[in-house]
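> Quick one: this structure, given as structure tokens, is what I'll be asking you about.
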Amino acid sequence: MLNLLRNRDVILILALLFGLGAGQGAPWSEALVLPALGLVMTLSVLGVPLEVLRSPRSFLAPTILALGANFLLLGGLQLVLSQLLINNPEIRNGFVILAVVPPAVAVIPFTQLLGGDRLFSLLGTVGCYLSALVLTPLGAWLFLGHDVLVHPAKIAVIVTQLILIPLLLAALLQRWGWDRVLEPYKGTITNWSFFLITYTIVGLNRQLFLQQPLALLPVMGIALATTFFWGEIIAWCCRWRGISQPRQTSLVLLGTLKNYGLAGGLALTLFSPQTSVPAAVSTVFMIVYIIWLNLKWHWVWQKQAEPVHPLPCGGSPCKDKKV
């Protein structure tokens with residue numbers, strides 16, 4: 001039982017089930033989501049060589065790849081599919097907002113959970129958020145009309161709370177030697193922090209799924225296509241190009257996950273609750289997608305990463321030889 005309660009897959013599935021079945025406590029736990037995500041972010045960057053952040057040149061390649069994966073490809077796909085499948089203009093505007101926001105901050109801790117390239121995800125995410133100070137307001141202005149204003153201060157607050165402060169805390173913990181003390185407990189703390197975050201997200205949106213699931217089918221179809229199917233296409237392209245598994249994991253996460261919290265908040269501020277539906281639906285699909293990636297990591301990626309032991313007879317099968 002104790003092993004099950006430490007198992008990441010079991011914890012995320014329990015959070016999903018509790019959120020749908022007993023999500024009444026989600027409004028009470030909502031205030032804990034931001035501190036929990038900040039804690040997870042801090043633990044995720046422990047052990048990452050933070051000195052590299054001082055070099056602007058180190059951001060160049062990860063930022064370009066992350067911008068291409070998240071803004072250009074994923075955002076473009078969301079815009080095209082919403083134009084083809086969504087008739088409601090309010091919901092279509094919600095997908096436009098999704099397309100112009102940066103990747104989910106949780107890309108960094110999810111990268112750690114799935115054995116990805118933490119440094120690449122960190123540099124790419126930070127680069128995307130700095131770029132989003134210009135790209136998100138500009139994209140909203142171009143696609144939603146000249147009277148729609150997304151103030152860069154909203155993005156700057158997220159950068160400060162969920163990236164800069166965790167980086168500062170991680171640097172202090174490393175300097176004081178607390179990273180070695182926390183190492184045995186990082187997995188448990190991270191997993192149960194994600195339980196709280198997942199339960200709250202699903203619980204806050206449970207009525208949306210339980211009361212009108214058929215009306216949400218086009219939105220759910222786009223969310224499914226831009227996570228599960230699009231993620232497989234990215235993974236296939238990475239394998240075709242010979243990209244390593246850790247880097248592949250980072251690119252899959254950067255290419256499939258948006259900051260749905262920011263998108264939902266902007267939708268409510270600029271338009272109506274109906275405009276926030278794509279962000280709410282995509283949030284739940286993100287949780288299910290991470291559970292799937294986690295299971296896939298255990299079943300496939302870890303086996304691919306296992307070292308192949310050499311044969312005892314000079315690299316070829318032994319024939320009639322006693323070893």
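Computed from the coordinates by the stated procedures, all read-outs in this text should not be read as laboratory data. Here the structure is a predicted model, which is why all the values come from computation and not from measurement. Quick reminder, even Gly has a Cβ in these numbers, built from the backbone with ideal geometry, and neighbours come from all protein chains shown.
> Using the Cα gyration tensor of the stretch 41-101, with a ≥ b ≥ c the square roots of its eigenvalues, what is the shape: rounded (a/c below 1.5), prolate (a/b larger than b/c) or oblate (neither)?
Judged from the Cα gyration tensor, the stretch 41-101 comes out prolate (a/c at least 1.5, a/b above b/c).
> Given H placed on each backbone N at 1.01 Å, which residues far from residue 258 in sequence or on other chains put an amide H within less than 5 Å of it?
Counting only residues 5 or more places away or on other chains, the set is 104.
> How large is ³J(HN,Hα), in whole Hz, for each residue of the stretch 52-61 in order, when computed from phi with the Karplus curve 6.51 cos²θ - 1.76 cosθ + 1.60 and θ = phi - 60°, using x for Gly and Pro?
Residue by residue, the stretch 52-61 yields 5, 5, 6, 9, x, 5, 5, 7, 4, 5 Hz.
> Residue-wise, which Karplus ³J(HN,Hα) couplings in Hz belong to the stretch 225-235, taking 6.51 cos²θ - 1.76 cosθ + 1.60, θ = phi - 60°, and x for glycine or proline?
5, 8, 10, 4, 6, 5, x, 5, 5, 4, 4
> Another question, then. At each listed q (0.16, 0.17 Å⁻¹), what is the log10 of I(q)/I(0) that the Debye formula gives for the stretch 20-157 modelled as equal alpha-carbon point scatterers?
Treating every Cα as an identical point scatterer, log10 I(q)/I(0) equals -1.00, -1.08.
> Determine the shape class of the stretch 167-212: with a ≥ b ≥ c the square roots of the Cα gyration tensor eigenvalues, call it rounded for a/c under 1.5, and otherwise prolate if a/b is greater than b/c, oblate otherwise.
Prolate.
> Specify the angular offset, from 0 to 90 degrees and rounded to the nearest 10, of the alpha carbon long axis of helix 165-176 from the longest principal axis of the alpha carbons in the chain.
It works out to around 30 degrees.
> Between residue 153 and residue 299, what is the label-to-label distance in nm when each label sits 7 Å out along the Cα-to-Cβ direction?
4.8 nm
> Taking θ as phi - 60°, what are the ³J(HN,Hα) couplings along the stretch 19-27 by the Karplus curve (6.51, -1.76, 1.60), each to the nearest whole Hz, with x for Gly and Pro?
Working through the residues one at a time gives x, 6, x, 9, x, 5, x, 4, x Hz.
> Cα centroids of the stretch 133-160 and the stretch 183-232: how far apart, whole angstrom?
25 Å
> Classify the stretch 5-84 as rounded, prolate or oblate from the Cα gyration tensor: take a ≥ b ≥ c as the square roots of its eigenvalues, call it rounded if a/c is under 1.5, otherwise prolate when a/b beats b/c and oblate if not.
oblate
> Hey, another quick one. At 10 °C and 1.306 mPa s, what whole-number value in µm²/s does Stokes-Einstein give for the translational diffusion of the stretch 1-46, with Rh from the Kirkwood sum over Cα pairs? Walk me through the intermediate numbers first.
Values: Rh = 12.3 Å.
Estimated via Stokes-Einstein, D reaches 130 µm²/s.
> Cα axis of helix 75-85 to longest principal axis of the chain: angle in degrees, 0 to 90, nearest 10?
In the chain, helix 75-85 runs at an angle near 60 degrees to the longest axis.
> Here is a further query. Hey, what's the Kirkwood Rh for the stretch 74-155 if you take every pair of different alpha carbons, in angstrom?
13.9 Å
> Check the chain and count each lysine pair with an alpha-carbon distance under 24 angstrom, considering only pairs eight or more places apart or from different chains.
Details: 154/258; 186/296; 186/303; 258/296.
Number of lysine pairs found: 4.
> Here's another thing I want to ask about it. Subtracting the Cα-Cα distance from 0.36 nm times the residue separation, let me have the gained length for residue 214 to residue 192 in nm, one decimal.
4.7 nm
> Normalised radius of gyration for the stretch 112-242, please: alpha carbon Rg relative to 2.2 N^0.38 Å, two decimal places.
1.37
> Report the calculated FRET efficiency for residue 54 and residue 31 (r = Cβ-Cβ distance, R0 = 45 Å), to the nearest 0.05.
0.85
> Hey, another quick one. Relative to a virtual label point 7 Å from the Cα of residue 84 in the Cα→beta-carbon direction, which members of the stretch 230-259 show backbone nitrogen distances below 13 Å?
230
> Compute the orientation-averaged projected area for the chain from the convex hull of its Cα atoms and round it to one decimal in nm². If you can, show how the numbers build up before the last one.
Details: hull surface 84.1 nm².
Averaging across all directions leaves 21.0 nm² for the Cα convex hull.
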